[in-house]
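The values are calculated or read from the model by the stated rules, or taken from the named source; none is laboratory data. All of these numbers come straight from a predicted model, not from anything done at the bench. Reconstructed Cβ throughout: ideal geometry from the backbone, glycine too, with neighbour counts over all protein chains shown. The area values use the complete protein model at the heavy-atom level, side chains included, leaving out ligands, DNA and RNA. Shrake-Rupley method; radii C 1.70, N 1.55, O 1.52, S 1.80 Å.
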Amino acid sequence: MSQNINTIAMQSTTSANDYSYLWEPLAKHPYCFIVEAVFIAISTWYIIHRKSRLEQPPELTEQEIDDLVDDWNPEPLVPPVDPYHFSQRAPEVSSIYGHKIKVNGKECLNLGTHNYLGLVQNEDCLKAAIEACQQYGVGSCGPRGFFGTAAVHLQLEQEIAKFMGAEEAILYSYGYSAISSAIPAYAKVNDVIFVDEAVSFAIQQGLVASRSKIKFFAHNDVAQLASLLDEQAEIDRKKKKKQTTNRFIVVEGLYINRGDICPLPDIIALKHKHKCRLILDDTCGFGVLGATGRGTIEHFNVDISLDIDLVVASLEYACAAYGGFCAGSHFIVDHQRLSGLGYCFSASLPPLQAAAALCSIQLIQRDPQLVAKLRSNATRMHQLLSAHSSIVRVDCDQRSPIQHLRFATSIDDALANRPEAIPKETDDTAFYAKKRTNYEYDNFRLEKVVDIAHQNGYALTVARYLTDREKFPPEPSIRLTVNSMLTEQEMTQAVKVIVDAFAEVHQKFCDALV
């Protein structure tokens, strides 16, 4: 018994010694215990009372609730739209988008749509579309992998691959989705993409979807591109881990926002030097450039199998149909059948449109004079407009059917001597009454030119951009499009009306301000 008591006493002593490190500080500094106890009490009180406040919101009377509802002024879902915004006065077309077009009830010469080769109203294309509609119906109602593949889709892909000199081609249901799906199908988070700053909005959206690191270079500035590639090569050399950085170059063949042609041979040389992947969007060059309309690659006599990794184009311009395609090697194209979002998840191209595009490509191959006539008309239109350079500025390559027209006198120059300009009383007083940016003034002037041209029987359009989302918003312009059906007389008369309209609008703009 006594032995057990001694054992327990020894254990108690040992236990007390084990926890002595807790009690010694309190014995030396009793105030610390008091501070800690107060802090714990305050924290506990705050947590309990805060929880009770959250659980018991204040009760409001019916009158208080009604007053709050009456005083509530919600933010609008969208900002107010300027009555002078082009969306408030969109033109209405009530005819075929052909050589002539009826806009707001008036028949006009069509200088505003991308019907470069006049195939919109071609009898063979119409017949092919009607026959396909009768065979397949108006749509597929499913993606290519889910009963959305018709025989005509496969025929069109084979025809495009043959026409472009590529191993394989893949169809997308609309042009925008082709390039915006192709880029993120290959470029990923750790990759670097070098892009011309003048690329289209569709390309820009593809860049965003890729989540890659984007490096823009000045438009057609090969020297700056070379410098950026050299910098990236140096960065890669300094990496501690030998991690491969995939590098891509993305350009357009014929730039829709500029109307000029990229220096493709120089870009290809940089591609080979730095071992980059080259993606060429030839939407505007396809069916336009080259002796037989194969686009920028034919224009520069480039071998698609050796020099270009992927060629992307829309069928909605020269081919006068819907959809887009990518052409390249079997490996490149087949990858998109599994990872191209627009291909995997969108309903396939309506068979009637595939049939129309197939017929268009066959017509281009049978009659290269369609392309030659277009190039001749584009050059002639450029010459006629350039003769009035003091009034109209023409920004494009002379071979381009896309010709951007701008005032020779900029807004800054027009207002240089009127820093305190006050609007006069005119028909557009409401527009001038609000403070505007130079961009808005320029767009307004161009809209007036379009209106005058329409009154005289010519359909033009101001180029439209999502200026708040464009990386580099282009300067406002009238995007005049040339087609192969225009005659010498039609072009001469059109230029006279356009130049007179520019001169009249510029004078009225200056007269509206004192």
Check: Do any residues in the stretch 272-289 that are under 17 Å from residue 253 (Cα atoms) have Cβ atoms under 6 Å from those of residues that are open to solvent by less than 10 Å² (accessible area, probe 1.4 Å) and polar (S, T, N, Q), where the two are at least six apart or on different chains, and which pairs are they?
Finding: 282/296; 283/314; 285/296; 289/296
Note to self: Tell me yes or no: at least one residue of the stretch 455-467 is part of a helix (DSSP H, G or I), open to solvent by 20 Å² or more (accessible area, probe 1.4 Å) and modelled with pLDDT of 90 or more.
What the structure shows: yes
Check: Under the condition of being over 23 Å from the mean Cα position of the chain (by Cα) and hydroxyl-bearing (Ser, Thr, Tyr), which residue from the stretch 232-281 is least open to solvent (accessible area, probe 1.4 Å)?
Finding: 245
Margin query: Testing residue 158 on (1) in a helix (DSSP H, G or I); (2) in contact with a helix residue (DSSP H, G or I) (Cβ under 8 Å, 6 or more places away or on another chain); (3) closer than 12 Å to residue 325 by Cα; (4) not charged (D, E, K, R), one condition comes back false. Which one is that?
Written below: (2)
Item checked: Selection count, the stretch 328-367, where residues are within 21 Å of the chain's Cα centre (by Cα), within 16 Å of residue 184 (Cα to Cα) and hydrophobic (A, V, I, L, M, F, W, C) -> 3
Margin query: I'd like to check something: does the stretch 241-253 contain any residue that is at pLDDT 95 or above and part of a helix (DSSP H, G or I)?
Written below: no
Item checked: Number of the exception - residue 348 against (1) modelled with pLDDT under 95; (2) part of a helix (DSSP H, G or I) -> (2)
Item checked: Residue list for the stretch 176-205, restricted to those being surrounded by fewer than 24 Cβ atoms within 10 Å (Cβ to Cβ) and under 23 Å from residue 351 (Cβ atoms) -> 176, 177
Next item on the list: Among what's in the stretch 58-78 and is part of a helix (DSSP H, G or I) and surrounded by 10 or more Cβ atoms within 10 Å (Cβ to Cβ), pick the residue that is nearest to the chain's Cα centre (by Cα).
Entry: 68
Check: Which members of the stretch 79-95 meet the condition of being at pLDDT 85 or above, under 16 Å from residue 451 (Cα atoms) and either surrounded by 10 or more Cβ atoms within 10 Å (Cβ to Cβ) or of a type in the set (Lys, Arg) (or both)?
Finding: 91, 93
Margin query: Go through the stretch 332-341 and report how many residues are open to solvent by 10 Å² or more (accessible area, probe 1.4 Å) and touching a strand residue (DSSP E or B) at 6+ places or on another chain (Cβ under 9 Å).
Written below: 3
Item checked: Residue count for the stretch 113-150, restricted to those that are open to solvent by less than 20 Å² (accessible area, probe 1.4 Å), more than 30 Å from residue 459 (Cα to Cα) and in a loop (DSSP other than H, G, I, E, B) -> 2
Next item on the list: Could you please find all residues in the stretch 395-416 being without any contact (Cβ under 8 Å) to a residue 60 or more places away in the chain, open to solvent by 30 Å² or more (accessible area, probe 1.4 Å) and not small (Gly, Ala, Ser)?
Entry: 398, 412, 413
